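Here's the structure, in structure tokens; my notes come after.
The values are calculated or read from the model by the stated rules, or taken from the named source; none is laboratory data. Everything numeric here is computed off the predicted structure, so don't read it as measured data. Positions of Cβ are backbone-derived with ideal geometry, glycine not excepted, and every protein chain shown enters the neighbour counts.
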Amino acid sequence: MAKALTLFLPYVLPAVTGCSEPLALQALNNACVEFCKQTDIVQRISSQNIVAATQDYTVTVPTDMVLARVLGAAWQGTPLESAPTSEVTDPTALTGATIGDATLVSGTPVAWFQKTPYSTTISLAPVPDEALTNGLTIKASFTPTRAALSVEDVLFDEYVSDIASGALAELMAMPGQSFTSPLAAGHARRFAAGVSAAGRHAMYGKQPHNLRVRPRPFA
């Protein structure tokens, strides 16, 4: 589900008298993009069929969204190690290239990597040697596109005030406008605080992030 950006306008326009609706909507879009990029709050898990001897698999990107980053991948339910793109010495080769501690040979994948930093494709190492239905699971986070007119429900339902502050920080910082204001700094701080809280929520969900398990002695 998605919420129209116009629903955010009542939280922004009253504070920036003279600001046009299109300008406010663009600032709201910018705030949503930045919020999602910094927090990973919008996530999806998708499964893909594996083709034997095929190394590369494209992340499924939802409509009106852009891939922010891949958070993880699993092979038949077993998490794969991630190798930084900077460690890829020869990403086009199918054999003999070193990716961290993994070598691109055929077999059961143990790692994934991206050949370029902003790619929507992940590569597996070793290269799969068998075809499997839904053998690969990818978890990724996404941002709205720059032209999106609607965003994920969670951004409005849980973070409308934070998103509005992000938009207001941008608008009030514009020089020479009727709505230019030193209050921009305060809104920027509120947006940053919202980003921090949402980032923790994205990582831990509704669980307390400081949960500790006390070991129980054996009888």
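Residue by residue, here is whether (1) at pLDDT 95 or above; (2) surrounded by fewer than 21 Cβ atoms within 10 Å (Cβ to Cβ); (3) closer than 19 Å to Leu9 by Cβ; (4) of a type outside the set (Val, Ile, Thr) holds:
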site	(1), (2), (3), (4)
Thr98	no, yes, no, no
Gly107	no, yes, no, yes
Val110	no, yes, no, no
Val127	no, yes, no, no
Ala140	yes, no, no, yes
Ala169	yes, no, yes, yes
Met172	yes, no, yes, yes
Ser178	yes, yes, yes, yes
What residue, among those in segment 174-201 that are within 22 Å of the chain's Cα centre (by Cα) and free of Cβ contacts under 8 Å to residues at least 40 places away in the same chain, is farthest from Ala27 (Cα to Cα)?
Arg200
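Within segment 170-187, how many residues are touching a Gly at 6+ places or on another chain (Cβ under 8 Å) and among the hydrophobic types (A, V, I, L, M, F, W, C)?
1
For segment 112-125, give me each residue that is closer than 21 Å to Lys37 by Cα and crowded, with 19+ Cβ neighbours inside 10 Å.
Phe113, Gln114, Ile122 - these are the residues of segment 112-125 that are closer than 21 Å to Lys37 by Cα and crowded, with 19+ Cβ neighbours inside 10 Å.
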State which residue pairs qualify: first residue closer than 19 Å to Asp64 by Cα and inside segment 146-161, second residue of a type in the set (Phe, Trp, Tyr) in any location, beta carbons under 8 Å apart, and separation of 6 or more residues or different chains.
Leu155/Phe35; Phe156/Phe8
